[in-house]
Amino acid sequence: MPTILLRGEPIGTIKGVLFDKDGTLSNSEEHLLKLAELRVQTASQLLKEKGASSKAIKNLQELLPKAYGLNEQGISPNGTTAIASRAHNLLSTATVLCLIGETWPKALELSNKVFRLVDLLDEKISNKSIPRTLLPGVRITLQNLREANITCALISNDSGSGIQSFLSKHNLKSLFNNFWSADHSPAKPHPAAVIGLCNKLNLHPSECALIGDADSDLLMARQSGVGITLGYTGGWSQKPHLTKHEYLINKWNELTIKQSKH
């Protein structure tokens, strides 16, 4: 099997690599920040339209950004918007609405409406004003892995259609063998998500490396028996705080492959 090298030092042999997407392969920070801000604005507007008090709206505008992981520097790479699935972010929104006095059924109804409305806005802005580019060195790394006959796959909390769009937009379909999305069951960070993806790849988790920018990904990898767990820190202006990795990558050019000799 090919040997994976980190900063020139061998760290193990692999047959496959499982990649997170946002913040690992894709420069998604600006887009996710705008998405969270739109959700706060839309929730505030809906509360105003239903006659909520100015105090309730003010509380929402204080609590919801915190729930989404927004701060003075922008967006936390360890927060819900950066890491969690759409479904989990929707539940966070509903929880905040409950904290300001809404019933749970009404909070869920409002949260779903917020997300539907923002989806329409997001579709208009995401491909024009806020493009999600590949992080530096990603394409070369993927091409090197392909040349070494290493299987590559995506495991993401994005939807299946979102992943397909990402692969098509960046002309990456030929470099990936498969993916596991939020539409699959179970979705990440359940360890069975890794096992399910590896089954689709005809690989054992121990034959793979997983690279992600969140502890939830790295813990999932270790619990599922992945052979090498690598945390990636170069995808955000605020470096993610990682503790569950075996190795850390700061830039993609730190990762190279040594092909096995026959």
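Quickly run through the stretch 52-86 and pick out the residues that are among the small types (Gly, Ala, Ser) and open to solvent by 60 Å² or more (accessible area, probe 1.4 Å).
Here is the first cut: in the stretch 52-86, the residues among the small types (Gly, Ala, Ser) are 52-54, 56, 67, 69, 74, 76, 79, 82, 84-85.
Answer for the stretch 52-86, where residues must be among the small types (Gly, Ala, Ser) and open to solvent by 60 Å² or more (accessible area, probe 1.4 Å): Ser53, Ser54.
Name the single residue, out of those in the stretch 5-42 being assigned to a helix (DSSP H, G or I) and open to solvent by 50 Å² or more (accessible area, probe 1.4 Å), that is farthest from Val96 (Cα to Cα).
Start the filter on the stretch 5-42 by keeping residues that are assigned to a helix (DSSP H, G or I), which leaves 29-42.
With open to solvent by 50 Å² or more (accessible area, probe 1.4 Å) added as a condition, the list becomes 30, 34, 37, 41.
Numbers: Glu30: 23, Lys34: 19, Glu37: 15, Gln41: 14 Å.
Checked the stretch 5-42; the qualifying residue farthest from Val96 (Cα to Cα) is Glu30.
For the stretch 201-219, name all the residues that are more than 22 Å from Gly23 (Cα to Cα) and in contact (Cβ under 8 Å) with a residue 24 or more places away in the chain.
Residues of the stretch 201-219 more than 22 Å from Gly23 (Cα to Cα): 201-207.
Across the stretch 201-219, the qualifying residues are Leu201, Leu203, Glu207.
Within the stretch 164-173, can one find any residue that is touching a Gly at 6+ places or on another chain (Cβ under 9 Å), within 28 Å of His241 (Cα to Cα) and crowded, with 20+ Cβ neighbours inside 10 Å? Walk me through it before giving the result.
If we filter the stretch 164-173 for residues that are touching a Gly at 6+ places or on another chain (Cβ under 9 Å), which is where we start, we get none.
No: the stretch 164-173 contains no residue that is touching a Gly at 6+ places or on another chain (Cβ under 9 Å), within 28 Å of His241 (Cα to Cα) and crowded, with 20+ Cβ neighbours inside 10 Å.
Looking at Asn253 and the list (1) over 16 Å from Thr3 (Cα atoms); (2) part of a helix (DSSP H, G or I); (3) in contact (Cβ under 8 Å) with a residue 60 or more places away in the chain, which single condition is not satisfied?
Here Asn253 meets the rest and fails (1).
Taking the stretch 43-67 on its own, how many of its residues are part of a helix (DSSP H, G or I), among the aliphatic types (A, V, I, L, M) and under 16 Å from Lys106 (Cα atoms)?
Within the stretch 43-67, the first condition is being part of a helix (DSSP H, G or I), and the residues that meet it are 43-49, 54-67.
This time we only want the ones that are among the aliphatic types (A, V, I, L, M), so: 43, 46-47, 56-57, 60, 63-64, 67.
Within this subset, residues satisfying the condition of being under 16 Å from Lys106 (Cα atoms) are 43, 46-47, 56-57, 60.
Of the residues in that region, 6 qualify.
Which condition from (1) touching a helix residue (DSSP H, G or I) at 6+ places or on another chain (Cβ under 9 Å); (2) modelled with pLDDT of 95 or more; (3) crowded, with 23+ Cβ neighbours inside 10 Å is the one that Ile195 breaks?
Against the list (1) touching a helix residue (DSSP H, G or I) at 6+ places or on another chain (Cβ under 9 Å); (2) modelled with pLDDT of 95 or more; (3) crowded, with 23+ Cβ neighbours inside 10 Å, Ile195 comes up short only on (3).
All but one of (1) in contact with a strand residue (DSSP E or B) (Cβ under 6 Å, 6 or more places away or on another chain); (2) open to solvent by 10 Å² or more (accessible area, probe 1.4 Å) hold for Cys208; which doesn't?
Looking at each condition in turn, Cys208 falls short on (2).
Only one of these is surrounded by fewer than 18 Cβ atoms within 10 Å (Cβ to Cβ), of a type outside the set (Val, Ile, Thr) and more than 16 Å from the chain's Cα centre (by Cα): Lys251, Lys239. Name it. Show your work before the answer.
On the way: Lys239 fails: more than 16 Å from the chain's Cα centre (by Cα).
Just one listed residue meets the conditions, Lys251.
Of all residues being small (Gly, Ala, Ser) and open to solvent by 10 Å² or more (accessible area, probe 1.4 Å) in the stretch 87-112, which is farthest from Ala182 (Cα to Cα)? Just the residue, please.
Let us first name the residues in the stretch 87-112 that are small (Gly, Ala, Ser), namely 87, 92, 94, 101, 107, 111.
Checking the rest, the ones that are also open to solvent by 10 Å² or more (accessible area, probe 1.4 Å) come to 87, 92, 101.
Details: Ala87: 9, Ser92: 17, Gly101: 30 Å.
Only one residue fits best here, namely Gly101.
So for the stretch 106-125 (the condition being polar (S, T, N, Q) and assigned to a helix (DSSP H, G or I)), does at least one residue qualify?
As a first pass, look at the stretch 106-125 and keep what is polar (S, T, N, Q): 111-112.
Then drop every residue that is not assigned to a helix (DSSP H, G or I), which leaves 111-112.
Yes, because at least one residue in the stretch 106-125 is polar (S, T, N, Q) and assigned to a helix (DSSP H, G or I).
Working only within the stretch 169-209, note down all residues that are out of contact with any Phe, Trp or Tyr (no Cβ under 8 Å at 6 or more places or on another chain) and closer than 15 Å to Leu142 by Cα.
His170, Asn171, Lys173, Ser174, Leu175, Phe176, Asn177, Asn178, Phe179, Cys208, Ala209, listed by residue number.
Can you tell me which of Ile83, Ile100, Ile57 is modelled with pLDDT of 95 or more and touching a Ser or Thr at 6+ places or on another chain (Cβ under 7 Å)? Step through it out loud before you land on a result.
Numbers: Ile83 fails: modelled with pLDDT of 95 or more; Ile100 fails: touching a Ser or Thr at 6+ places or on another chain (Cβ under 7 Å).
The conditions single out Ile57.
The values are calculated or read from the model by the stated rules, or taken from the named source; none is laboratory data. Every value quoted in this text rests on a predicted model; they were computed, and no experiment measured them. Using ideal geometry, Cβ is built from the backbone for each residue, glycine included, and neighbour counts are taken over all protein chains shown. We work out accessible area using only protein heavy atoms, side chains counted, and drop any ligands, DNA or RNA first. Shrake-Rupley method; radii C 1.70, N 1.55, O 1.52, S 1.80 Å.
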